[in-house]
Structures are given as structure tokens and as C-alpha cells.
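To start, the structure itself, in C-alpha cells.
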Amino acid sequence: MRSDGLIEVRVAARQREAEGIDSFELAAPGGGALPAFAAGAHIDLHLDGGWVRPYSLCNPQDGGRCYRIAVQHEPSGRGGSAAVHAQLRPGSTLRIAPPRNLFALQDGTAPVLLLAGGIGITPLLGMAQTLHAAGRAFALVYCSASERRAAFAGALRRAPWAGRTTLHHDERHGRFDLAGLLAAQPAGTHAYVCGPAGFITAATACGWPAERMHVERFAPAPVPQAAPRTGAIEVQAGRGGPVVMVRADTPITVALARAGICIPVSCEQGICGTCATRVLEGQVEHRDFHLSAREQAQGLMLPCCSWARSSRLVLDL
Ligand code: FES
């Protein structure tokens, strides 16, 4: 590991998995073992141009031989996926942060439902392999727009647990009945859901007990528009520290970075929690999808996306 805590890896393989989706196998340049991880973990890619983007690992832990990710090229996205597709060629090297897991499988014997929408299949693929190896009861339901946009469809059909998998393509089968699926699950089932914002919103709106529904977002849900804010706020880096004026159209992390005060970021969308910072003074308007009510009450905020209700915030920096 480097002195900055990052790991250098080499792109050992790249493969087309579906329309617009490529998988990348990342290995240690010298062939050594990479740090261990558990299903559901993600890594941050640090790309040329300053892009830092989190991607779920889709392979099971295999003795540290490689990390495998799959990335959907989003032509209308903010540029992270385009940078991945442009920069990661077999043989090229890049830096990554070690795996972190915010979407881990719960221990126990409860039945598991893995529910994927689109590229949300990535963390669930490793989970399915882990559950199968552990002999636990599970089902995987994978919804995609069409067959050609379903990454890993061939591998899923060939997997030893293929009988537990349902592939649903909206183009062929029509709209998927999420509510019906959830209502039919055995008592005590834990659901793990990953997919686009609309998919997650539909799943969480089905009335499933929150303590048994585990969600991983890779894009933020649409935020109900708060009253437009036009005024700037003052953000102070520590009591007695420098004060930065932040315009309403600029993320706090960006304004602070321009002033030379760096808070680590990854998704910059309020999803991953990398930028979590303690608030010493001021009232926060939370706009993220990561912090629990308890964490908010403990004074944490995600300044990559959240804002202030007061005219001034003092952050513990
Ligand atoms: S950088 Fe991901 S939540 Fe702020």
C-alpha cells in the first residue's frame, strides 16, 4: 500500500458484459494478494483528471487474486463512467482505495432475497456466490430493460445456483411486479436491493420492514425541491479556523477545496459517506442518502451534497 493509503493496481482484463457495460479485472502489478473483502464491498477508483468514483466488487473473495468491477457507460452522466471506459485498458495502472463495505450481508440463517435493477447486479453477484458457498437459502431477481442490457446474463444462467435466479427484461416481460414479489417472500426474509433511484424507491415503497431491507444506491433519488436558495453561507473550518463563503450553487466540499481545505470525497452525491464531517455549530439541511437519523442527530453531515439552514456552519476540520 502507498503512503497515501491507496493501492496501485493493473487492469488485468477487460470484457464487454452487455450493451454499454464492461467489466474490469484489477490485480496487484506484481501478482501479490490484494486486501481481503466481503461480498457487498466497493472500491474507489482514483482516475486521471481527479475523478474518484466508487464501484461495487462483483467477484467473491478469492484469496486476493483480483477485484472485479463492472461499469455502465453513462453518456449523459457527470463523466466518471466515461473516464473509466476511456482510461482503463488492459495493462494500464491506476490507484484505488482499499475495499469498504456499507452493504454487507447480515450473519444468520434467515432467507435472503437479492433484488437487482440494471447495473445494480454488481454487488449482488458476489453475494449470490457467497450465499451459495455458505449453503444459505436465497433467491436472486434481476430486472433489466432488455436482454442486451443485462450484464452477466450468460454467467447467471451457467451458475450452479442458476435455479435460484430469475431474469426479468421489461422489453419482453413488461413491468416487474415488485410488490407481488416482496409479498410472496418467506417470513423473516432479508432483502438486499441495488439499482437505479426509481427501482429503489419502488422497492422501499412496498411496505417491507425497514430493518430487513438493505439498500445500496449508486445514484441519488430525486430530491423533492426545497425552496430555492440564493444566498451564500459561511463555512468555518474548525473553531477559529479559516472562513469560506460558499455560494448556493457550489457544493461545500468544492468551495473548501478551492480554498485549500480538502475533505476526502468519492461519489459526491451523498451516497457513499466518504465526506462525513462533524458539525460543531450551525443547522444542517441534510440532502444525502447515507446518514441515519441517529448519525444526523450525532452531528454528522455530508458536505458534498448537504447544505445549511443557518447562515453559518462550523465544521470539525
Ligand atoms: S463523497 Fe460520497 S457522500 Fe460525500
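The values are calculated or read from the model by the stated rules, or taken from the named source; none is laboratory data. Note that the structure is a prediction, hence the values are computed from the model and not measured. So basically every Cβ, Gly included, is an ideal-geometry build from the backbone, and we count neighbours across all protein chains shown.
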Farther than 23 Å from Met213 by Cβ and not in a strand (DSSP E or B), is that true of Arg175?
no
Residue under question is Leu102, and the condition is that it be touching a residue at least 12 places away in the same chain (Cβ under 8 Å) and crowded, with 18+ Cβ neighbours inside 10 Å; does it hold?
no
Counted residues, segment 210-267 - those being of a type in the set (Phe, Trp, Tyr) and at pLDDT 95 or above
0
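Yes/no per residue for (1) surrounded by 23 or more Cβ atoms within 10 Å (Cβ to Cβ); (2) modelled with pLDDT under 90; (3) within 19 Å of Pro123 (Cβ to Cβ); (4) within 18 Å of the chain's Cα centre (by Cα):
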| residue | (1), (2), (3), (4) |
| --- | --- |
| Ala36 | no, no, yes, no |
| Leu45 | yes, no, yes, yes |
| Gly64 | no, yes, yes, no |
| Val84 | no, no, yes, yes |
| Arg89 | no, no, no, no |
From the list Gly64, Gly50, Gly40, Gly77, which residue is touching a Leu at 6+ places or on another chain (Cβ under 9 Å), part of a loop (DSSP other than H, G, I, E, B) and under 21 Å from Gly270 (Cα atoms)?
Gly40
Could you identify the single residue in Glu295, Glu268 that is crowded, with 19+ Cβ neighbours inside 10 Å, charged (D, E, K, R) and within 25 Å of Ile200 (Cα to Cα)?
Glu268
If you scan segment 251-289, which residues turn out to be charged (D, E, K, R), within 8 Å of the ligand (Cβ to nearest atom) and in contact with a Leu (Cβ under 7 Å, 6 or more places away or on another chain)?
Asp288
Residue pairs meeting the criteria (Cβ under 7 Å; at least 6 apart or on separate chains; first on the phi > 0 side of the Ramachandran plot, in segment 297-309; second not in a loop (DSSP other than H, G, I, E, B)):
Gly299/Arg278; Gly299/Val279
Quick check on segment 285-309: of everything there that is under 21 Å from Cys262 (Cβ atoms) and outside any loop (DSSP other than H, G, I, E, B), which residue is farthest from the chain's Cα centre (by Cα)?
Ala308
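Report, by residue number, each residue of segment 66-80 that is within 16 Å of the ligand (Cβ to nearest atom) and crowded, with 18+ Cβ neighbours inside 10 Å.
The answer is Gly80, and nothing else.
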Can we say Gly80 is at pLDDT below 95 and not acidic (Asp, Glu)?
yes
What single numbered condition from (1) buried (at least 21 other Cβ atoms within 10 Å of the Cβ); (2) of a type outside the set (Asp, Glu); (3) in contact (Cβ under 8 Å) with a residue 60 or more places away in the chain fails to hold for Pro29?
(1)
Do any residues in segment 126-140 that are more than 18 Å from Leu182 (Cβ to Cβ) have Cβ atoms under 7 Å from those of residues that are of a type in the set (S, T, N, Q), where the two are at least six apart or on different chains, and which pairs are they?
Gly126/Asn59; Arg136/Thr109
Matching residues in segment 126-143 - criterion: being hydroxyl-bearing (Ser, Thr, Tyr) and assigned to a helix (DSSP H, G or I)
Thr130
